[in-house]
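Here is the structure we will look at, set down as C-alpha cells.
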Amino acid sequence: MVSEKEIWQLLEQVSDPEIPVLSVIDLGVVRGVILEKGMCKIIITPTYSGCPAMKTIEEDIILKLKENNINHVKVDLVLSPAWTTDWLSENGRDKLREYGIAPPENEIDKSVLFADPPKVPCPQCGSKNTRMVSLFGSTACKSQYQCNDCLEPFDYFKCLK
Amino acid sequence: MSSLFEYTLRLGDDSLILGHRLSEWCGHGPVLEEDIAMTNIALDLVGQATSLLNYAGEVEGKERDGDSLAFLRFDREYKNLLLVEQPNGDFAITMVRQFLFDAYRKPLFERMQNSKDTMLASIAEKSLKETRYHLKHSSEWVIRMGDGTEESNRRAQEAVNTLWRYTSELFIIDELESKMADQGISPNLMEIEDDWKKTVDAVFKEATLTIPKNNWKQSGGRNGMHSEHLGYILTELQYMQRAYPNMKW
C-alpha cells in the first residue's frame, strides 16, 4: 500500500501547465492528501477563480498517479482557505527567478491609488532599476515589468493576499 | 424556487454578464496593456461565475450545473443588474461601469466572508482578493480620465451621466434580499451602499466628475426584466449550445 509521503513525492513531479518550471507542490495548490478505504483523495485550490489550468492540473495529477499504479484517485477543488502567494515554496521562488519570472515581493496596499508599484529586481541582470508596465500580465497571476538597465521585459508573479 | 438559489443566481449572473462584456474588448483594447487587463478581469469574473453558478445548481438540486445555467436559460431567467449588461461604449463607459460595480462588489465580498452559508463565504473570500485589484485598476482609470484632458473629462462625465440611472438598483432591498439578510446569508445592503458612496465620492472628487442632478432611476434586472441589450449578449454567449445541443469540448 502506497503511503501519503510517497503520494506527495509523486505530486512533486506534476508541473503547473502554465509555468512548467513549478510543480503543483511549489505552487502551493495541493492542500491535502487523504488515503482511506483504498481511495486517494487529493485536495487542490485554484490560484485565481478563473485559472484555466485547474482542469489540466486535475487531469495531470490523476495521470501521474495512474502511471504509478494508483488508480482510485479523486481530486477535490476547495476555495477556502483562499490561495495566497505566501504558499509559494522557497524552492519555487528560486525556480521562478531562474526561469525569468520575478517572484512575489511584499504586497502593495491596493487601497492607495497610484501608489508606487513594488520594487522588483530584474530576474535577468539583478538590477533594481525596473518599472511596472502593467498591473495585469500574460496570466491572471502576473504583472508586466521592464528592466531600465538591461531593457529586458519580464513577468512578475504578483502578490495575492 | 428556493431563495438561496435565486440569491446565488443574482451574484453569479452579475459576474457572468460583466465578464462577457469585458471579454468583448479582447483584441480591441485602446492599448495592448489594457486589452490584457480587461481580459484578465473578465477571466476572474467568469471564474467567479463558474463557482457561483455551479453552487446555485447544487442548491437547486435539479441536476443543472454552472454550464447549463449559463447556456440554457432565457433572458427573463437571468437576474443580473442592468448596469452590467450595458454596452461597452467607449473606454470611458467601460471603465466607469467597472468602477461603479467594483466599488459595490468589494464591500459586498468583504462582508460576505462572514455569511452563514459556508460556500458563499468561501467564494467571497476567494473573489475578494481579485476584486481589490479590479477596483484599484478601475478607480485609477476614472481619475485619469476625469482629471485628464478636456476630451477625456467630457467622455468620463458623459459615461457617468449615462450609467448613473442604473446604480440605485444595486441597493434595492426586496423581499429576497431582506430574507437572505435576516438569515445571515447576505450582508446588509445599506452598509454596502454607505461604503459604495464613500468610494464613489472620493474617486469622483479626485476625478473632478459630478453626480448627475437628474435623479431618474431604472431597475428590473433582479426580477428578470432586462434592457434590450441582454438578449444580444445571450445570443452570442449561448450560440454553440443552442445550435449543437449538449456539445462538449
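The values are calculated or read from the model by the stated rules, or taken from the named source; none is laboratory data. A quick note: this is a predicted structure, and the numbers were derived from the prediction, not measured. Note that we place each Cβ from the backbone using ideal geometry, even for glycine, and neighbour counts take in every protein chain shown. Surface areas here come from the heavy atoms of the whole protein model, side chains and all, with no ligands, DNA or RNA. Shrake-Rupley method; radii C 1.70, N 1.55, O 1.52, S 1.80 Å.
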Q. Which residues, counting only those in region A:86-112, are in contact with a helix residue (DSSP H, G or I) (Cβ under 9 Å, 6 or more places away or on another chain), part of a loop (DSSP other than H, G, I, E, B) and surrounded by 12 or more Cβ atoms within 10 Å (Cβ to Cβ)?
A. A:Leu88, A:Ser89, A:Pro103, A:Pro104, A:Glu107, A:Ile108, A:Lys110, A:Ser111
(Q) Of everything in region B:109-132, what is in a helix (DSSP H, G or I) and open to solvent by 20 Å² or more (accessible area, probe 1.4 Å)? Give them in sequence order. (A) B:Glu110, B:Arg111, B:Thr118, B:Met119, B:Glu125, B:Lys129, B:Arg132
**Q.** Residue satisfying all of: in region A:137-153; open to solvent by 10 Å² or more (accessible area, probe 1.4 Å), over 13 Å from the mean Cα position of the chain (by Cα) and among the hydrophobic types (A, V, I, L, M, F, W, C); farthest from the other protein chains (Cβ to nearest Cβ) among these
**A.** A:Cys150
Q: Looking only at region A:27-41, decide whether some residue is open to solvent by 50 Å² or more (accessible area, probe 1.4 Å), within 14 Å of another protein chain (Cβ to nearest Cβ) and of a type outside the set (Gly, Ala, Ser).
A: yes
Q. When B:Met247 is evaluated against the numbered criteria (1) modelled with pLDDT under 95; (2) within 14 Å of chain A (Cβ to nearest Cβ), which criterion, by number, is the only one it fails?
A. (2)
Q | Out of A:Trp83, A:Trp8, sole residue that is among the aromatic types (Phe, Trp, Tyr), open to solvent by 10 Å² or more (accessible area, probe 1.4 Å) and outside any strand (DSSP E or B) | A | A:Trp8
(Q) Given the condition of a type in the set (Asp, Glu), open to solvent by 10 Å² or more (accessible area, probe 1.4 Å) and part of a loop (DSSP other than H, G, I, E, B), answer yes or no: does some residue in region B:85-99 qualify? (A) yes
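Quick one: which of B:Asp182, B:Asp147, B:Asp195 is over 18 Å from the mean Cα position of the chain (by Cα) and under 24 Å from A:Ser111 (Cβ atoms)?
The match here is B:Asp147.
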Q. Does B:Arg64 qualify as being farther than 18 Å from B:Glu236 by Cβ, open to solvent by 10 Å² or more (accessible area, probe 1.4 Å) and either away from chain A (no Cβ under 14 Å) or part of a helix (DSSP H, G or I) (or both)?
A. yes
Q: Check whether at least one residue in region A:52-72 is open to solvent by less than 30 Å² (accessible area, probe 1.4 Å) and facing chain B (nearest Cβ under 10 Å), and report yes or no.
A: yes
Q | Criterion violated by A:Val112 - all others in (1) of a type in the set (Val, Ile, Thr); (2) closer than 14 Å to B:Lys136 by Cα; (3) at pLDDT 90 or above satisfied | A | (3)
Q: For B:Phe5, indicate whether it is over 15 Å from the mean Cα position of the chain (by Cα), more than 30 Å from B:Gly148 (Cβ to Cβ) and open to solvent by 40 Å² or more (accessible area, probe 1.4 Å).
A: no
Q | Residue in region A:113-131 that is open to solvent by less than 10 Å² (accessible area, probe 1.4 Å) and under 26 Å from B:Ser122 (Cβ atoms) present | A | no
